[in-house]
Amino acid sequence: MSDPDSLPDVTPPKSKPDPEHPKPFNTDDIDEEEEDDDDENDVEYDDEDAKGEVFGEPNRPKPHSREAQFRSEELKMDSLLQRMQSGPVSVRVHDVIIKGNTKTKDHVIEAETEVLNNVGSMQELLKASQIVNLRLQALEIFDSVKITLDSGPPELPGTANVIIEVVETASPLSGQIGAYTKAEARSSTVEGSLKYKNFFGYGDLWDGSLAYGYDHSAELSAGVFLPKFKGLVTPVSARAYLLSQDWLKFSSYKERSMGLSLGLFSTPYHDLAYNLAWRTLTDPSQMSSRSIRRQLGHNLLSSLKYTFKFDRRNSTMRPTWGYAFVSTTQIGGLAPDSRSLRFLRQEFDLRYVVPLGFYHAALNFGVSGGVVFPWGNGFSSRPSSLPERFFLGGNISPVCALGGPTALWGFKTRGLGPTEPKRQVNNESADPSGVDFLGGDLAVTALADLSFDLPFRWFREKGIHAHVFACAGNVAKLTENEYRNISVQKFVESLRSSVGVGLVVPTSLFRMELNYCYILKKLDHDRAKTGVWLTFSAAS
């Protein structure tokens, strides 16, 4: 502790900073309280209880006139700003005072303020206060958050108190409804959701949602999210769901799942989740191919999924600089049941954007790949699980599809890859050329996208721009000993590819593209076309 009889060493503003001996914090420098009537989510400096006091010094006479007091406060703030520009101003946090939380537990807020304990200068304190403000707002349980920096006790020079004032949400119940385009199912859905915030005062978010598609797909789910609950280092989440998907048009089966998903570990870069689901595959048409029929019935999904992700791009809708990488590893079969699906699934996605320096132009490169394989006795001769396979194509932009191999411009949903003829029936209306798309165990895609502004002011103001693109990809089967028949040369020779040009309309919710696609290469049973495509894509 500093000697109370000694005065803090204040370096004059024009003197050179000494990084080895940062200047101590002085309350005279932060007497000014700044308020912003337009934004309550701010950081303030306040010393109302100790105006004119210096740590370790007796009170000085206060200016009596309002003008003199204003000039004094202005000089103090200017002095602090000059000192902060010339070098670090030594300060540490003595106490964090929380106000306004009538329902929210103190430890919920305190868990988001741990960064304040490590500050050593005024500059670090300002940055840490901004981080805390953003974290508290991200909890979605406060209407406003205000942080005030006040002086610490007079007997502790070089300290500050941080006062956090929150206003809890006045309307904890919220809901929304909308229509969305599902790229994977190639259909539109109507979705509605309800959310209740902070029911128990632990920052808990409860929500329920219902989605129904025009192709008879439906999903009903309910979940809860807990931020850093009592001693846990990361947030936890849980979600129960009922899901029904219709793939009859593409692969002659319907999928129904009932399960539970648990978020075990989550940070900005890492995510670990456990999934447990009872899944049923059926074929109401009774026309599925032999490979599909072998997969019909019940099975148990018990899997652990780890995702590593960092995204340094300036935008997910229209990236003009930066890079991103995602790696996902999933292992299934973590249950002692003969019907438990045993598989290993690995996928990655890498993006790199090069700014060109004219017309806001940028060249976006991307490559992604994935592999899935069963494990256990006789794994090489067994087929992989149908829903875990890779399917390429769909009404989605590859620029937004960050996470793994999914989309190719100009190819329809599940529009390429291994196929097998459907079951032949004595029905004149049946399509004799019908095939089922079986998906693949190995998938690779690559893209190149050149985006640039148009020479029209109105388009630039709205963010509407043009792009020229090219993409390629392929899907292959490895299981049931098929890996013996594949080689790098065969895989490359069967790559599908397309090029095109289009107009892009980015919004806060989705990215719309009006493209003309030209198919460079496709195989006999591929579903692709040269022509105009309209796509809607949400950010990954």
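Residues in segment 358-401 that are under 13 Å from LEU450 (Cβ atoms), part of a loop (DSSP other than H, G, I, E, B) and open to solvent by 10 Å² or more (accessible area, probe 1.4 Å): PHE358, TYR359, HIS360.
Per this entry, SER221 is counted among residues that are free of Cβ contacts under 8 Å to residues at least 24 places away in the same chain, open to solvent by less than 30 Å² (accessible area, probe 1.4 Å) and part of a strand (DSSP E or B). Put simply, of PHE536, PHE456 the only residue that is at pLDDT below 95 and surrounded by fewer than 18 Cβ atoms within 10 Å (Cβ to Cβ) is PHE456. Just to be sure I understand, how many residues within segment 316-339 are more than 21 Å from HIS270 (Cβ to Cβ), surrounded by fewer than 17 Cβ atoms within 10 Å (Cβ to Cβ) and in contact (Cβ under 8 Å) with a residue 24 or more places away in the chain? Summing the residues that are more than 21 Å from HIS270 (Cβ to Cβ), surrounded by fewer than 17 Cβ atoms within 10 Å (Cβ to Cβ) and in contact (Cβ under 8 Å) with a residue 24 or more places away in the chain in segment 316-339 gives 4.
Would you check if there is a residue in segment 301-311 being crowded, with 17+ Cβ neighbours inside 10 Å and among the hydrophobic types (A, V, I, L, M, F, W, C)? Yes, that holds for at least one residue. If you check LEU523, LEU509 for being in contact (Cβ under 8 Å) with a residue 60 or more places away in the chain and part of a loop (DSSP other than H, G, I, E, B), only one passes: LEU523. All of (1) open to solvent by less than 20 Å² (accessible area, probe 1.4 Å); (2) farther than 25 Å from LYS249 by Cα; (3) not basic (Lys, Arg) hold for ALA446 with one exception: (1). From the list GLY263, GLY259, GLY201, GLY208, exactly one residue is closer than 23 Å to GLN137 by Cβ and in a strand (DSSP E or B). Which is it? Result of the check over GLY263, GLY259, GLY201, GLY208: GLY263.
Of all the residues in segment 346-383, those that are β-branched (Val, Ile, Thr) and in contact (Cβ under 8 Å) with a residue 60 or more places away in the chain number 3.
The values are calculated or read from the model by the stated rules, or taken from the named source; none is laboratory data. Only a predicted model underlies this, so the values are computations on that prediction, with no experimental measurement involved. Note that each Cβ is placed from the backbone with ideal geometry, even for glycine, and that neighbours are counted across all protein chains shown. Side chains included, ligands, DNA and RNA excluded: accessible areas come from the protein's heavy atoms. Shrake-Rupley method; radii C 1.70, N 1.55, O 1.52, S 1.80 Å.
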